Amino acid sequence: MNSDNRTLPSQDGSFRLTPLEMAGQRRRRDWFAKTIEDITGTLESTVFAEEIAHLPGIWQGVDPRAKVVAAIALILAASLGRTIPTLIALYTLALVIAVAGHIPLDFFVKRVWLFLPFFTGIIALPAIFSIVTPGRALLVIVQQPYLAVTEQGVRTALLLLLRVATSVSFAVILILTTRWASLVGGLRALRVPQAFVLILGMTYRYIFLLLHTANDMFLARKSRVVGRIKGAEERLWIGNSIGVLLGKSYHLSDQVYLAMVSRGFRGEAKALQPLRMQPMDWLWMAVGLLIPIIVLTLGG
Amino acid sequence: MNIVFKADHLSFSYGPGQLALEDVSLEIPQGRKVALLGANGSGKSTLLKLLDALYLPTAGSLIAFDVPLTQALLEDEAFAFAFRRRVGLVFQDPEVQLFSPTVWDDIVFGPLHLGLPAVEVRERAAEVMTLLGIEKLADRVPHRLSGGEKKKVALASVLAIHPEVLLLDEPTASLDPRSQASLIDFLYTLNSEQNVTLVTATHDLAIVSEMADWVYVFAEDHHLIAQGTPAQILGDHDLLLSANLIHAHAHRHLSRLQTDGTHAHEHLGVHEHERS
């Protein structure tokens, strides 16, 4: 049997491209299908896989309630930090916790810093110029009208970037080292409204299913289409697919609701009280809570 | 014998022009195994949802445990809880039924929402997981399970309620032969040893003899057209043909090529053909 299922052997035994594959080579890849495929892949490998959450790290063993409280406290500490050394210290702490939690450092750093320029970077960029933040010029760009990169501006932008990077890092550590079910349980224990926790849990559960359905729809179309599709036709098909998916999700939500009612749901979500926290969990929580207090005491 | 459900000239429609069941009268006695047999779209699944009081008849009546089901009655919390503790529905698609973050959460959902004490909820979850051999799945996320595992967990989530009546919608659909056999054996034991009433909606003739001692047949026009023992129903080829449960299909016989008259393939379903 041919191990490479993309090619078929010709009569002389050599491998040649199939007509479908040749057509595929000429076509540029369907960007919308690729986007959905990539979203599914990324979610599956990072959020749904929970591989890191199952590793025997220090952070993984902590009770989710303590972890949620500690993470919120650390994010608060990052928001309170007003100097670059404080934020660098907090970011270093995040890196230490990540290493202790067996999170691959390059993956962790890339995950935070790759997206940062697109979101925070765009917001922070104008702050470096003299028209937004006047101050000592580091680099004069234009003399008339005067435009320069200022020291105060760079410091402001750097503060913002560091603050966001540190906050995101603590949030990423929490998500990567905690199983989703435990995280939901932690929120529940912290008296977050049950209806909110239930909806959050179900969103996570069904977003995966609906993404797979969307992927299957694209694959089903791909298997029946040869050659290039016009832009208008493509947009029409995407619009129709979104409609079909909405219909499917509506039907699914109706059936899920019936399944809940069938097992006693009457509009009020209930949950079992989680088990008691251990002394170590209290310690982690206390340490987490102590850090914003230290930051405040030191004046940010 | 006690009658668990009694439908009297029951009809149900999802809306104008969307008739699902028309003029259905039937009885389901306690402790029996009943099959609702019909082609796709004949109204079997809708009937299960009516029996589970998820829908109410648009015409006619449905009596459950000697009480006519009405909207007012179902809004009464005491009645609703008592009813839901006695009747459990296993949906055809486990994706619909497994909506919680983990298998364990899904199994405890029923007992918890029916107001059982926390200790008993935990005991029941452990009990059904042992019964179905799914203890190792407790912490798993439902979407990562295989088809067979999902079916087992869906069943466990209903069994944890300890229902007297178990409504099953196409329980063996999309299961491999071994999983099918083990599920049928399990349900058979549940009925024979614990006297759980089984009502199974199916179009799979191969499981009817094992899953039922009484069969109701639904036509594609949403009417109940026959009832009887599995032997009587499965022996009536004209009935099965008219209900679109079998079809006379063309197939090749090796007997044209071989002298021993063997078939080109085995037939597991019911069919008609002339020996050539």
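Could you give me D for the range A:172-212, from Stokes-Einstein at 20 °C and 1.002 mPa s, where the hydrodynamic radius is the Kirkwood radius over C-alpha pairs? Units µm² s⁻¹, please. Write out the running numbers ahead of the final one.
Working: Rh = 10.9 Å.
For the chosen part, D equals 197 µm²/s.
Rg and Dmax in Å for chain B, alpha carbons only: what are they?
Cα-based Rg and Dmax for chain B come out at 20.4, 71 Å.
Calculate, in nm to one decimal, what A:L209 and A:L55 gain on full extension: separation in residues at 0.36 nm each, minus their alpha carbon distance. If you can, show how the numbers build up before the last one.
Numbers: separation 154, 0.36 × 154 = 55.44 nm, distance 2.58 nm.
Full extension from A:L209 to A:L55 adds 52.9 nm.
Give me the 1.4 Å probe accessible area per residue for the protein assembly as shown, excluding ligands and nucleic acids, in Å². Please report the intermediate quantities before stating the final value.
Working: 30220 Å² over 576 residues.
On a per-residue basis, the protein assembly as shown sits at 52 Å².
With each run of n ≥ 4 DSSP H residues scored as -39500 (n - 2.57), what mean residue ellipticity at 222 nm is computed for the protein assembly as shown after dividing by its residue count and rounding to the nearest 500 deg cm²/dmol? The partial results should precede the final answer.
Working: 21 runs with 282 residues, N = 576.
The helix contribution divided over the protein assembly as shown gives -15500 deg cm²/dmol.
If you average the alpha carbon positions of the range A:75-91 and of the range A:222-257, how far apart do those two centres end up, in angstrom?
Cα centroid of the range A:75-91 versus Cα centroid of the range A:222-257: 46 Å apart.
Mind checking Rg over Rh on the protein assembly as shown, alpha carbons, Kirkwood formula for Rh? Mind showing how you got there, number by number?
Numbers: Rg = 30.9 Å, Rh = 28.8 Å.
Checking Rg against Rh, the ratio lands at 1.07.
With each label point set 7 Å from Cα along the Cα-Cβ vector, what nm distance links A:L105 and B:S192?
A separation of 6.5 nm, rounded to one decimal place.
B:L73 versus A:L116, label points 7 Å from Cα toward the beta carbon: distance in nm?
6.5 nm
Other chains' Cβ within 10 Å of A:199-206 residues: what's the mean? Don't skip to the answer; put the middle values down first.
On the way: counts 0, 1, 5, 3, 0, 3, 10, 3.
For peptide A:199-206, the averaged partner shielding equals 3.
Going 7 Å from the Cα of B:D139 toward and past its Cβ, which residues in the range A:278-300 have a backbone nitrogen under 16 Å from where you end up?
So the set is A:278.
Taking both sides together, what accessible area is buried at the B/A interface, probe 1.4 Å, expressed in Å² and rounded to the nearest 100? Walk me through the numbers on the way to the answer.
On the way: alone 13880 and 19390 Å², together 30220 Å².
In total, this chain pair buries about 3100 Å².
Any idea what the dipole of the protein assembly as shown comes to, in debye rounded to 20, about its Cα centre with Lys/Arg Cβ at +1 and Asp/Glu Cβ at -1? Display every interim value, and only then the final one.
Details: 50 positive and 54 negative charges, 610 e Å.
For this selection, approximately 2940 debye.
Hand me the trypsin sites (Lys or Arg not before Pro) from the range A:92-192 located in a DSSP loop with no more than 15 other Cβ atoms within 10 Å, in residue order please.
Within the range A:92-192, the qualifying trypsin sites (Lys or Arg not before Pro) (loop, at most 15 other Cβ atoms within 10 Å) are A:R136, A:R191.
How crowded by other chains is B:105-115, given as the mean number of beta carbons from other chains within 10 Å of each beta carbon? Mind showing how you got there, number by number?
On the way: counts 6, 3, 0, 3, 9, 5, 3, 7, 9, 5, 2.
The mean count of partner-chain Cβ atoms within 10 Å per residue comes to 5.
Across the range B:1-151, how many lysine pairs separated by 8 or more positions, or lying on different chains, have Cα atoms within less than 30 Å?
Close lysine pairs under the 30 Å cut-off: 14.
Under the definition of partner shielding as Cβ atoms of other protein chains within 10 Å of a residue Cβ, what is the mean value for peptide B:43-53? Write down the numbers at each step before the final one.
On the way: counts 0, 0, 0, 0, 0, 0, 3, 0, 0, 4, 2.
Mean number of neighbouring Cβ atoms from other chains: 1.
Which of the three applies to chain A, rounded, prolate or oblate, going by the alpha-carbon gyration tensor with a ≥ b ≥ c and a/c under 1.5 meaning rounded?
On the way: a/c = 2.02, a/b = 1.26, b/c = 1.61.
Taking the square roots of the gyration eigenvalues as a ≥ b ≥ c, chain A is oblate.
How much of the DSSP beta bridge set in the protein assembly as shown is antiparallel, as a percent to the nearest 5?
Working: 27 of 46 bridges.
Expressed as a percentage, antiparallel bridges in the protein assembly as shown total about 60.
Using a simple charge model, +1 on the beta-carbon of Lys and Arg, -1 on the beta-carbon of Asp and Glu, nothing else, what dipole does the range A:80-169 show about its Cα centre, in debye to the nearest 20? Each step should come with its number before you reach the end.
Working: 6 positive and 2 negative charges, 21 e Å.
Dipole size: approximately 100 debye.
Starting from 0.36 nm per residue, how many nanometres of slack lie between A:A220 and A:I199 once their C-alpha separation is accounted for? Spell out each step's value before the answer.
Numbers: separation 21, 0.36 × 21 = 7.56 nm, distance 3.05 nm.
Gain on stretching A:A220 to A:I199: 4.5 nm.
Given a 1.4 angstrom probe, I'd like the percentage of the accessible area of chain A that is carbon and sulfur, rounded to a whole number. Could you put the intermediate results ahead of the total?
On the way: 12200 of 17780 Å².
C and S atoms contribute 69 percent here.
Which aspartates and glutamates, on any chain, are close to A:K270 with Cα under 16 Å apart, when same-chain ones fewer than 8 places away are left out?
Straight-distance partners of A:K270: B:E77, B:D105, B:D106, B:E120.
Would you list, by chain and number, the lysines whose Cα falls below 18 Å from the Cα of A:K34, excluding same-chain residues fewer than 8 positions away?
Cα-Cα hits under 18 Å: A:K222, A:K230.
The values are calculated or read from the model by the stated rules, or taken from the named source; none is laboratory data. Predicted, not measured: the structure shown is a model, and the values here were computed from it. Please note: Cβ atoms are built from the backbone with ideal geometry, for glycine as well, and neighbour counts cover all protein chains shown. Surface areas here come from the heavy atoms of the whole protein model, side chains and all, with no ligands, DNA or RNA. Shrake-Rupley method; radii C 1.70, N 1.55, O 1.52, S 1.80 Å.
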